[in-house]
């Protein structure tokens, strides 16, 4: 399995391309769709789905163009089902940027296992940064793509609409820190880290 991290869009949001068995999953197409399609061509893989950790504008900037280009379904949590179409909800209006809009998701995620092709991904609901935040856990390869909940030495902001520090703290303790120490955490911004590193030294949420 190959994981490509691409900081894209107006605030360098991490888009991930997870390639396996000549297929790929695109997670959080943040922007700059030409760079996404070029990387996928370079990897020589065929995208089969787009997964969203949450629906803030900086994670969905290239969503509609990528979805149309590859003709693939979009998966996200139902609690943010209206956000793709509403710049006020997804934050692009709030930050005074170009309005970001996309069509509704094709599928809504539950907290369970998601089977895509021949790969199984555990979906964990991680509210706090936003109501419909989720983390995608790849147990066979020992990593989690966690959106804007847990960063290297930091946590996601909770002062945006729908944010809640107590919820985020619980999500980190119950959904991230319960993973094995050696699991890599690929966050929505910044470099990768590990569960062990954050449990031992994250100044915002102690293990």
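Just so you know, all these numbers are worked out from the coordinates, no wet-lab data involved. Please read all numbers here as calculations on a predicted model, not as lab measurements. No Cβ is skipped: glycine too gets one built from the backbone with ideal geometry, and neighbour counts run over all protein chains shown.
On inspection, residue 191 passes the criterion of being touching a residue at least 12 places away in the same chain (Cβ under 8 Å), over 17 Å from residue 126 (Cα atoms) and within 18 Å of the chain's Cα centre (by Cα). Quick check: anything in the stretch 143-162 surrounded by fewer than 17 Cβ atoms within 10 Å (Cβ to Cβ) and touching a strand residue (DSSP E or B) at 6+ places or on another chain (Cβ under 7 Å)? Yes, the stretch 143-162 contains a residue that is surrounded by fewer than 17 Cβ atoms within 10 Å (Cβ to Cβ) and touching a strand residue (DSSP E or B) at 6+ places or on another chain (Cβ under 7 Å). When residue 128 is tested against (1) under 23 Å from residue 17 (Cα atoms); (2) touching a helix residue (DSSP H, G or I) at 6+ places or on another chain (Cβ under 7 Å), exactly one condition is not met: (1).
Looking only at helices (runs of 4 or more DSSP H) that lie completely in the stretch 1-90, which have at least 3 residues being touching a strand residue (DSSP E or B) at 6+ places or on another chain (Cβ under 7 Å) and surrounded by fewer than 20 Cβ atoms within 10 Å (Cβ to Cβ)? Outline the logic, then answer.
Values: elements: 33-43, 63-70, 87-90.
Qualifying helices (runs of 4 or more DSSP H): 33-43.
Here residue 71 meets the list (1) farther than 29 Å from residue 176 by Cβ; (2) touching a residue at least 40 places away in the same chain (Cβ under 8 Å) almost entirely, failing just condition (2). Number of residues in the stretch 98-118 that are in a strand (DSSP E or B) and touching a helix residue (DSSP H, G or I) at 6+ places or on another chain (Cβ under 6 Å): the value is 1. Considering 145, 172, the condition of being over 22 Å from residue 12 (Cα atoms) and either in a loop (DSSP other than H, G, I, E, B) or within 18 Å of the chain's Cα centre (by Cα) (or both) is satisfied by 172 alone. Taken over the stretch 114-140, the criterion of being more than 16 Å from the chain's Cα centre (by Cα) and within 18 Å of residue 175 (Cβ to Cβ) is satisfied by 120, 139.
Go over the candidates 206, 197 one by one and state the one that is surrounded by fewer than 16 Cβ atoms within 10 Å (Cβ to Cβ), farther than 27 Å from residue 10 by Cα and without any contact (Cβ under 8 Å) to a residue 24 or more places away in the chain. Can you show your working first?
Working: 197 fails: without any contact (Cβ under 8 Å) to a residue 24 or more places away in the chain.
Answer to the selection: 206.
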